[in-house]
Ligand code: XUL
Ligand code: CO
C-alpha cells in the first residue's frame, strides 16, 4: 500500500517535541501511558471519509481545487474502490485505528434502491478485507440523507412518506454495513431535518416523523445484532434555517419526549457547538452531565464567520477542556474522536492531509496530558467543592433533598441576613489553566 501517498513513509513516527520533521508526531506517542491507559486507548481517533477522501475544496465561489491521485477511474464503482484503497493506505501510514463513513461516500448511488444497496455491499466487502488485513476498525457509520434532491424538504421529516421510505431504505442498508464492519456506533445527523418557514411546516408532525424513524432504526439495528450506541449529532442550522437537533439540550429533551434515551447518546461536534452560540466545552458538559456524551466530532470553526468551516483542531485550551470532560466520565465507551474536518481550499497537496491530522492528533495528545494533570491535582475540583459546600449540610442539604419549603427558607433568610460575597476567581483559574498548558 504505497500508491497514493508515495512521499509519506510507511508509518508516521513519534519523534517528540524537538523534531523538525513535519511528518512526525511531536506529542502523540500511541503507547505512552497517561494514567492507567495508553494515549491510543484514551484517544480513539477516526478519519472522516467524506472530508478526507471525497472533499474537493469546492466552495460557493469556485469548483474543486484539491489535487488527488485517487478516483481517477471513469466507472463510479472503480473510482469508489480507488478511494477506499487511498483511505486504508492513509490510515495505516498515519497509525490511526478507526474510520467513519456515510453510505454515499463509500459507494455511488445507483439508479434504484436495490442497485444502491448492491453498490454498498460490494464496497463493504472490500472494506472488510482491508480491515482484517490492517487491524483498522470502523468507529461509526451513517447514511447521507441530505445530498440528494429528493431530500430537499427533509428525509424523515419530509411531508411525503415516499421520501421517508427512501431514507428508511438508506438507514437500513447503512446499519447493515455498520454491523458487517463491526462499528460500535451509528450516527444520525439531521442535515435537512429542519425547516425554513413555519408557513408551510408542521413542526410537531415532523418531529413525530423523525422519532418514528429512530424507533424503527433501533428495532432493526438490534434485530441484526447491532450492540453499539446510536448517536444523534446536534447542529443548530445549515443546511436548514432551523435544524430540529439544535443543540445538546434540545436533543436530550427530544430523546426523553420520544422515549429514545436508552439506545441513544450524543455525538458532539465542536463547530456545531459554536454555531449554536455555545462553547465546545459547554456542549460536552451538557451531554456528559446527562450521562449521554457518546462520541465527539473534533474540529473547530472560524470565530470570524458564522458557518461550519470544519477546520482541524489546533486550540490547546479547547482540547484540554474537552479531554477533562471525557476523562471525568471515564472515556467514550462506544465512541471516539472523529476528525470531521477538512483542509483549506489552498492546502491542495495530499501531504496537507497528513499534516492536518498530525496537528489534530498532537493537539489532543497534549490536551489529554494537560487534562489528566489538572484532574490529578484537583485544580478545579477543590475550589468547586468548596463553592458548593453549603449544599452538603444544613439548609442546603434540605433544599436538595426536597424537604425545604419556601416558608422555611424565608425564615432562614430573614434570620441569617445578608450572605457573605465570595469572588468566583475566574481570571485566577484561567491563569492556572494556562500554566498547566505551558508546563505540562
Ligand atoms: C455536518 C456533519 C456531518 C456529520 C455526519 O455538519 O457534521 O458530517 O458528522 O453526517
Ligand atoms: Co460531524
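Rule-based calculations on the coordinates, nothing more; no lab input. All figures in this text were calculated on a predicted structure; none of them were measured in a lab. Cβ coordinates were reconstructed from backbone atoms using ideal geometry, including for glycine residues, and neighbour counts include every protein chain displayed.
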Can you give me the angle between helix 426-439 and the longest principal axis of the chain, using Cα atoms only, in degrees from 0 to 90, rounded to the nearest 10?
50 degrees
Report, to the nearest 10°, how far helix 203-223 tilts away from the longest principal axis of the Cα atoms in the chain, using its own Cα long axis and a range of 0 to 90°.
70 degrees
Work out how much length residue 435 to residue 262 would gain on full extension: take 0.36 nm times their residue separation and subtract the Cα-Cα distance, in nm to one decimal.
58.2 nm
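What do the square roots of 5 times the Cα gyration tensor eigenvalues come to for region 345-440, in whole Å, largest first, as semi-axes of the equivalent ellipsoid?
Details: eigenvalues 444, 50, 34 Å².
Equivalent ellipsoid semi-axes, largest first: 47, 16, 13 Å.
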log10 of Debye I(q)/I(0), alpha-carbon scatterers only, for region 33-376 at 0.07, 0.10, 0.15 Å⁻¹:
-0.27, -0.56, -1.40
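Antiparallel as a % of all DSSP beta bridges within region 191-321, to the nearest 5?
Values: 3 of 10 bridges.
The answer is about 30 percent antiparallel.
Can you give the FRET efficiency for residue 162 and residue 392, using 1/(1 + (r/R0)^6), R0 = 41 Å, r = Cβ-Cβ distance, to the nearest 0.05? Could you put the intermediate results ahead of the total?
Values: r = 58 Å, r/R0 = 1.42.
So the FRET efficiency works out to roughly 0.10.
Which of 412, 151, 28 comes first, and how do the rest follow, when ranked by fewest Cβ neighbours within 10 Å?
412, 151, 28
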If each part is reduced to its alpha-carbon centroid, region 91-140 and region 188-211 end up apart, in Å, by 30 Å
Tell me, how many Å apart are the Cα centres for region 343-375 and for region 6-50?
9 Å
Computed lengthening from residue 114 to residue 351, 0.36 nm per intervening residue step minus Cα-Cα distance
81.6 nm
Rank 391, 49, 195 by mean-square fluctuation in a GNM of the chain with C-alpha springs under 10 angstrom and give only the top-ranked residue.
391
Looking only at the chain, where both bridge partners belong to it, what percent of the DSSP beta bridges are antiparallel (to the nearest 5)?
20 percent
Can you give the FRET efficiency for residue 24 and residue 279, using 1/(1 + (r/R0)^6), R0 = 41 Å, r = Cβ-Cβ distance, to the nearest 0.05?
0.85
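Given the convex hull of the Cα atoms of region 2-88, what is a quarter of its surface area in nm²? Present the calculation step by step, with values, prior to reporting the outcome.
Details: hull surface 32.9 nm².
Average of the hull's projected areas for region 2-88 equals 8.2 nm².
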Which value, to two decimals, describes the C-alpha radius of gyration of region 390-439 once divided by 2.2 N^0.38 Å?
1.80
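State the extension gain, in nm to one decimal, for the chain segment bounded by residue 412 and residue 196, taking 0.36 nm per residue of separation less the distance between their alpha-carbons. It would help to have the intermediate numbers written out before the result.
Numbers: separation 216, 0.36 × 216 = 77.76 nm, distance 5.09 nm.
My answer for the length gained is 72.7 nm.
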With Cα springs under 10 Å, the Gaussian network model of the chain assigns the largest mean-square fluctuation among 350, 385, 423 to 423
Label point distance in nm, residue 403-residue 330, each placed 7 Å from Cα along Cα→Cβ:
3.1 nm
If I model a spin label as a point 7 Å beyond the Cα along the Cα-Cβ vector, how far apart are those points for residue 36 and residue 219 in nm?
4.1 nm
Between helix 351-376 and the chain, what is the angle of the helix's C-alpha long axis to the longest principal axis, kept within 0 to 90° and rounded to the nearest 10?
20 degrees
Label-to-label distance, nm, for residues given as residue 77 and residue 382 (7 Å Cα→Cβ offset):
6.5 nm
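Return the percentage of antiparallel bridges among DSSP beta bridges fully within region 23-173, rounded to the nearest 5 %. Don't skip to the end; give the middle numbers.
Numbers: 3 of 11 bridges.
Bridges in region 23-173 are about 25 percent antiparallel.
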When the chain is treated as a GNM, springs tying every alpha-carbon pair under 10 Å, which of 305, 145, 100 comes out with the largest mean-square fluctuation?
305
